[in-house]
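Beneath this line is the structure, given in structure tokens, with notes to follow.
The values are calculated or read from the model by the stated rules, or taken from the named source; none is laboratory data. Remember, predicted model here, so these are calculated numbers, not experimental data. A quick note on method: Cβ atoms are made from the backbone with ideal geometry, for glycine too, and the neighbour counts reach across all protein chains shown. With ligands, DNA and RNA removed, areas are computed over all heavy atoms of the protein, side chains included. Shrake-Rupley method; radii C 1.70, N 1.55, O 1.52, S 1.80 Å.
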Amino acid sequence: MKSKSMMFALACIAITFAFANGQQSSGGNPLSGTSWQLVKFQGPDERVFTPDDKSKYTIKFGSNGRITAKVDCNTASSTWRATSSGRLEFGSWSRGSAKCGAGSLHDQIVREGAAVRNFNIKDGHLFLSGMEAGGYYELEPIR
């Protein structure tokens, strides 16, 4: 049961990135050209869910305005844009429809990830929030 709940996280996202400590972005946007993997999801009730394998939940913000994500057993893509004030917007998502195994965070992320509206980079980690139900996703740079 606990592993099913743990799979409750990430930023669809919100998710195929690379780089090192603090990641360098290209262009004027701090997300452009960066890649991240899910560390945890903290729900509005303060419960924390962590993935069994961070590399199964990744997101890459392309400098071309495209985003690609890995959400457990599926991949997804969309367009994206962000403002200097921390607002994040996605276009329509296209994604695979494979049924992921027990304990996957896939369904939770697909339901909530597209509702992310805000981002903040703090201490080298990316925080995604703004979902109606509350909570946030914490991601780290892919090394």
Test Ala114 against the criterion of being open to solvent by less than 60 Å² (accessible area, probe 1.4 Å), out of contact with any Pro (no Cβ under 7 Å at 6 or more places or on another chain), closer than 22 Å to Thr50 by Cα and among the small types (Gly, Ala, Ser), and give yes or no. yes
Search result, residues across region 65-79 that are surrounded by fewer than 19 Cβ atoms within 10 Å (Cβ to Cβ) and either among the aromatic types (Phe, Trp, Tyr) or closer than 16 Å to Phe119 by Cβ (or both): Gly65, Thr79
So, Lys54, is that one touching an Asp or Glu at 6+ places or on another chain (Cβ under 6 Å) and within 26 Å of Asp123 (Cα to Cα) or not? no
What are the pairs, 6+ residues apart or on separate chains, where a residue within region 102-114 that is over 20 Å from Ala82 (Cα atoms) has its Cβ under 7 Å from a residue that is among the polar types (S, T, N, Q) and part of a helix (DSSP H, G or I)? Gly103/Ser3
Evaluate region 102-125: report whether one residue or more is within 16 Å of Asp72 (Cα to Cα), among the hydrophobic types (A, V, I, L, M, F, W, C) and in contact with a His (Cβ under 9 Å, 6 or more places away or on another chain). no
Mind checking which residues of region 45-56 are outside any loop (DSSP other than H, G, I, E, B) and open to solvent by 50 Å² or more (accessible area, probe 1.4 Å)? Val48, Lys54, Ser55
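Condition check ((1) open to solvent by 20 Å² or more (accessible area, probe 1.4 Å); (2) modelled with pLDDT of 85 or more; (3) small (Gly, Ala, Ser)) across all residues:
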residue: Arg81; (1), (2), (3): yes, yes, no
residue: Leu88; (1), (2), (3): no, yes, no
residue: Ser97; (1), (2), (3): yes, yes, yes
residue: Gly124; (1), (2), (3): yes, yes, yes
residue: Pro141; (1), (2), (3): no, yes, no
